[in-house]
Amino acid sequence: MLAGMAVDLARNRVPSHTTTTPEGLAIVQERCAALLDRVGITLDVLHADRVPARGGLVFMWNQTSHLDHVLLPVAIPRPFHTTYNNEVRRFPIYGRYLAASDHFWLDRNDEAQWRPQLARAADRIRDGACVLVSPEGTRSADGRLLPMKRGAFILARAAERPIVCITLRGARDCMPRGKLGIRPGHVTAELSHPIPIDTPELEAEVVRTFEVALAH
């Protein structure tokens, strides 16, 4: 998959391997699924039917592992944009690919940079797109949820569209933080019902949704 991204970038063309279009998402899903199969990881996706077929959405997921970037395209049933941080931006090929294929770089150390980017992402969501964001901002050391960052909820409230939580279970065991290599195993991705943006104590409801799914 990285080879295809590199070819597109070398030819200065918009990557074909992009999750932001139906055709591109189909390519990414096929190749991510093949990669998971090669390394011995099975993925069950639960309740994909809860995701509305139309209308903008904010997808939030519990960040567990670098493996998430391969799992999520298979789990998410609609084309989506993603937000990404400085660490991912510096990653060879993948960072350039995200920049070239209409995703949103957020430098959380520079509010003058990330606020306009969040505003752009919110505009896309109001126009009917889906945007994926990590409300924790990074992976935890032990797999437990970290405190929610304000940026994810600034985006959701600015977009005025529902949130769908994607809870990953098992990915951290397959690729623990600080460890090299990928271990065979089983991962589950569970999608929530859409959470309306006017839900009282919205942040607490998102946390509760993740915690209930993680307890399964």
TODO: Scan around TYR84 for amide H atoms under 5 Å from its own, H built in the peptide plane at 1.01 Å from N, and keep only partners 5 or more places away or cross-chain.
DONE: PHE104, TRP105, LEU106
- [ ] Select one label from (i) 21.9, 72; (ii) 16.3, 49; (iii) 18.7, 69: the one whose number is Rg and Dmax of the Cα atoms in Å as derived from the coordinates shown.
- [x] (ii)
- [ ] Rank these for me by crowding, LEU43, LEU191, going from fewest to most other beta carbons within 10 Å.
- [x] LEU43, LEU191
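Readers should treat all values here as calculations from the given coordinates under stated rules, not as data from a laboratory. Model, not experiment: these values are computed from the prediction. Glycine gets a Cβ as well: all are built from the backbone with ideal geometry, and neighbour counts include every protein chain shown.
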